[in-house]
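First up is the structure itself, then whatever we jot down about it.
The values are calculated or read from the model by the stated rules, or taken from the named source; none is laboratory data. These numbers come from a predicted model, not from an experiment. Please note: Cβ atoms are built from the backbone with ideal geometry, for glycine as well, and neighbour counts cover all protein chains shown.
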Amino acid sequence: MGLKKLALWVDKPYQEDRLFRADGPLNRDNCLSSMRLLRDALAARGWECRTHDIYRADGVIPDAVLFSDRPKGNADALLGGWAGRARKLLLLMECEVIKPENWAPGAHEGFDAVFTWDERYVDNKKYFKVNFANPFPAAIPADLGAKTGFCLMITANKKSRHPLELYSERERTASWFEREHPADFDLYGMGWDRRVFTGPAPLRALNRLPALARLAAPRHPCYRGTVAEKRPVISRYRFSVCYENAREIPGYITEKIFDCLFSGNVPVYWGAPDIAKYIPQACFIDRREFRSHEQLYSFLKGMSDAEFGGYLQAARDYVFSPAAYPFTDRSFAETVGKVVAGE
């Protein structure tokens, strides 16, 4: 009996097994390490793992197909001749603000297993707990003398009408720093040098005109462009404005806070209301505890080196402890690998 096969259903840029390339441009900050580890975890269990287009081209029907986030089209229609012959698995990583189709009524019907960070669903029968997977570092920078910057924010400039979105709070925080304390703040990421048109369809269509979008862009004097890798940049600063894409969604914790912890940077966090259930309060600053940007800034500026070092030590104690393991790429690969293999 030959190897069993798992097909990873991916978008065009990740096809031809580019999902597994450690040296490819898609593997920014080694963000795809969990996929390579999943491939290895399955190989140890007698399974092969490749992107779905490889099996299509070879005329091979896989034993299982794993979709990353709920496809907008009908899953069986996408599978075509594979429908009913391959187990359907679903990986739900994005919340309702980003991917509303993930959580629409009936969205999970027809899937044999669903992996999610949302513990409200987890039953270890159909729904299994996984977190955003992070490649953990071997060490965390501890040299305070290397901190040449005070505070930064690395994020794309996006918009949303969802009541739980935090995009607008990121923009408000950036604008406040740029207006009140520009010397203590740097802004990085895509889209800040262009306007994002929202509203009726004709107005949104203007986003297709890059020159116009840049001409109409709000002024961000602290904007420093994009970065190829986040962690080397974050490590140069003491603090980060670290807001999730959404707030008040229990357990929705992405890579953002971990990028800070791994870089010897103290995150100013806003997002999951139960963040302290997973990451000790001593590792980060909770934005919700401050009534205003002025109060937050005063707290940051007044922090001594000893107090700052205490945050970094708490981060090291946590990152290299068993409590952090569920957020590792290794934990993700083992959990998904076991379920796929039927263990």
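A compact table of results
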{"read-out": "Test: residue in region 220-229 that is surrounded by fewer than 23 Cβ atoms within 10 Å (Cβ to Cβ), part of a helix (DSSP H, G or I) and modelled with pLDDT of 95 or more", "value": "no"}
{"read-out": "Selection count where residues are more than 17 Å from ASP329 (Cα to Cα) and in contact with a Pro (Cβ under 8 Å, 6 or more places away or on another chain), scope region 261-282", "value": "5"}
{"read-out": "So ALA57, is it of a type in the set (A, V, I, L, M), closer than 21 Å to PHE332 by Cβ and surrounded by fewer than 15 Cβ atoms within 10 Å (Cβ to Cβ)", "value": "no"}
{"read-out": "Filter result for the condition that a residue is among the small types (Gly, Ala, Ser) and surrounded by fewer than 21 Cβ atoms within 10 Å (Cβ to Cβ), over GLY342, GLY264", "value": "GLY342"}
{"read-out": "Region 306-343 - residue that is without any contact (Cβ under 8 Å) to a residue 40 or more places away in the chain and either among the hydroxyl-bearing types (Ser, Thr, Tyr) or touching a Gly at 6+ places or on another chain (Cβ under 9 Å) (or both) and, of those, farthest from CYS49 (Cα to Cα)", "value": "SER321"}
{"read-out": "Test: residue in region 269-286 that is modelled with pLDDT of 95 or more and more than 21 Å from the chain's Cα centre (by Cα)", "value": "yes"}
{"read-out": "Selection within region 289-300 - in a helix (DSSP H, G or I), surrounded by 13 or more Cβ atoms within 10 Å (Cβ to Cβ) and not aliphatic (A, V, I, L, M)", "value": "HIS293, TYR297, PHE299"}
{"read-out": "Sole residue being closer than 26 Å to GLY302 by Cβ, assigned to a helix (DSSP H, G or I) and not β-branched (Val, Ile, Thr), chosen from ALA282, ALA205", "value": "ALA282"}
{"read-out": "Count - residues of region 186-202 that are under 23 Å from the mean Cα position of the chain (by Cα) and outside any loop (DSSP other than H, G, I, E, B)", "value": "3"}
{"read-out": "Complete set of residues in region 243-272 that are within 18 Å of GLU307 (Cβ to Cβ) and hydrophobic (A, V, I, L, M, F, W, C)", "value": "CYS260, LEU261, VAL266, VAL268"}
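Yes/no per residue for (1) farther than 30 Å from GLN313 by Cβ; (2) of a type in the set (Ser, Thr, Tyr); (3) modelled with pLDDT of 95 or more:
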position	(1), (2), (3)
PHE185	no, no, yes
ARG195	yes, no, no
ASN207	yes, no, no
PRO210	yes, no, no
SER235	no, yes, yes
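Matching residues to (1) under 21 Å from GLY337 (Cβ atoms); (2) within 17 Å of the chain's Cα centre (by Cα); (3) not assigned by TED's automatic domain parsing to the domain that holds TYR252:
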| site | (1), (2), (3) |
| --- | --- |
| GLY46 | yes, no, yes |
| ILE54 | yes, no, yes |
| ASP58 | no, no, yes |
| LEU66 | yes, no, yes |
| ALA86 | yes, no, yes |
| ASN102 | no, yes, yes |
| GLU109 | no, no, yes |
| ASP112 | yes, no, yes |
| TRP117 | yes, yes, yes |
